[in-house]
1. Specify the angular offset, from 0 to 90 degrees and rounded to the nearest 10, of the alpha carbon long axis of helix 105-121 from the longest principal axis of the alpha carbons in the chain.
2. Name the long-range amide H neighbours of Y133: under 5 Å, sequence gap of 5 or more, or other chain; modelled H, no Pro or chain starts.
3. With a 1.4 Å probe and all protein chains left in place, how much of the accessible area of the stretch 152-211 comes from carbon and sulfur atoms, in whole percent?
4. Can you give the angle from 0 to 90° between the axis of helix 2-23 and the longest principal axis of the chain, with both taken from C-alpha atoms, to the nearest 10?
5. What list of ³J(HN,Hα) values in whole Hz, one per residue of the stretch 159-175 in order, does the Karplus curve 6.51 cos²θ - 1.76 cosθ + 1.60 (θ = phi - 60°) give from phi, with Gly and Pro shown as x?
6. Under Stokes-Einstein, with the Kirkwood radius over Cα pairs standing in for Rh, what whole-number D in µm²/s applies to the chain at 4 °C and 1.567 mPa s?
7. Which shape class applies to the stretch 125-206: rounded if a/c is under 1.5, otherwise prolate when a/b exceeds b/c and oblate if not, where a ≥ b ≥ c are the square roots of the Cα gyration tensor eigenvalues?
8. Picking from G66, I55, S161, whose Cα lies most toward the positive end of the charge dipole for the chain (charges on Cβ: Lys, Arg +1; Asp, Glu -1)?
Amino acid sequence: MLKKALIVIITAVIFKSFLEYIFGDSSNQLKKTDEKRIFQSNDLSNTGEKLFLAILGNVYDVTTGGKHYKKGGSYDFFVGRDASRAYVTGDFKNDLNDQVEDLGENQIRDIFNWKSFYDKTYPHLGVLEGKFYTSDGQKTDKLLHLEKINKKQINNEKKNSDFQKRFPICNSEWTQEKGITKLWCTTESGGVKRSWAGYPRLVYNPITKQDSCACVNENDLSHPNVKLYPNCEPKSEICRP
């Protein structure tokens with residue numbers, strides 16, 4: 001019995017060695033297939049029936065979304081190029097390019113949001129040599145700078161979310177003739193459920209650098225960013241400025 005088992009094991013080892021000799025080491029093959037391809041610009045359009053596009057130098061196969069990306073589709077102008085700029089400017093005639101250096105930080109963040117959409121929806125094939133990646137697939141200084149901006153914006157979004165939980169947006173009533181006629185607070189105004197309603201105040205948000213009406217908890221009424229609206233009672237939950 002033991003002799004038969006040894007024969008089976010030896011045979012399996014020999015067969016494995018034979019396959020590796022003929023087809024190569026499978027572990028090495030896996031490493032090769034895991035490597036992402038480095039594309040040139042013309043590679044994005046010379047794809048036969050496949051549909052490729054790039055955003056921030058990352059190349060995706062959008063063939064499965066053909067109804068949107070094939071010729072005549074609503075997004076066919078994105079195919080065959082890196083049109084990062086157009087995703088946020090909405091100019092699909094003049095901005096189908098990767099010129100993003102002059103865009104605002106919020107727009108840069110929006111481009112990364114689009115990239116996240118493609119990461120989740122379509123196969124990522126590799127990177128495009130050029131503005132965002134070098135010839136050996138390394139990130140350029142320009143892309144690293146954009147990533148820093150994106151990280152900063154993500155942090156700001158978190159801070160802004162925390163700020164709005166502390167100072168939820170007021171309910172408001174508005175007419176075209178008079179503008180804002182009423183501001184008030186409830187335990188769910190601003191989409192933030194809480195145990196307190198708060199008092200309508202003009203609050204400066206240091207993240208967005210804007211003033212807006214917010215519901216302020218009694219413990220925050222003396223906060224330096226909080227101001228009382230003219231003609232409003234200090235302890236009234238309804239204000240008519």
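1. 40
2. For Y133, whose amide H was placed from the backbone, the distant partners under 5 Å are T140.
3. Values: 1880 of 3880 Å².
Ligands and nucleic acids excluded, carbon and sulfur give 48 percent.
4. Computed tilt is about 80 degrees.
5. In residue order, the calculated couplings are 4, 5, 4, 5, 5, 6, 6, 6, 10, x, 5, 6, 7, 9, 10, 9, 10 Hz.
6. On the way: Rh = 23.1 Å.
In µm²/s, the coefficient is 56.
7. Cα axes put the stretch 125-206 in the prolate bin.
8. It is S161.
The values are calculated or read from the model by the stated rules, or taken from the named source; none is laboratory data. All of these numbers come straight from a predicted model, not from anything done at the bench. Note that we place each Cβ from the backbone using ideal geometry, even for glycine, and neighbour counts take in every protein chain shown. Note: accessible area is taken over every heavy atom of the protein model, side chains too, but ligands, DNA and RNA are not part of it. Shrake-Rupley method; radii C 1.70, N 1.55, O 1.52, S 1.80 Å.
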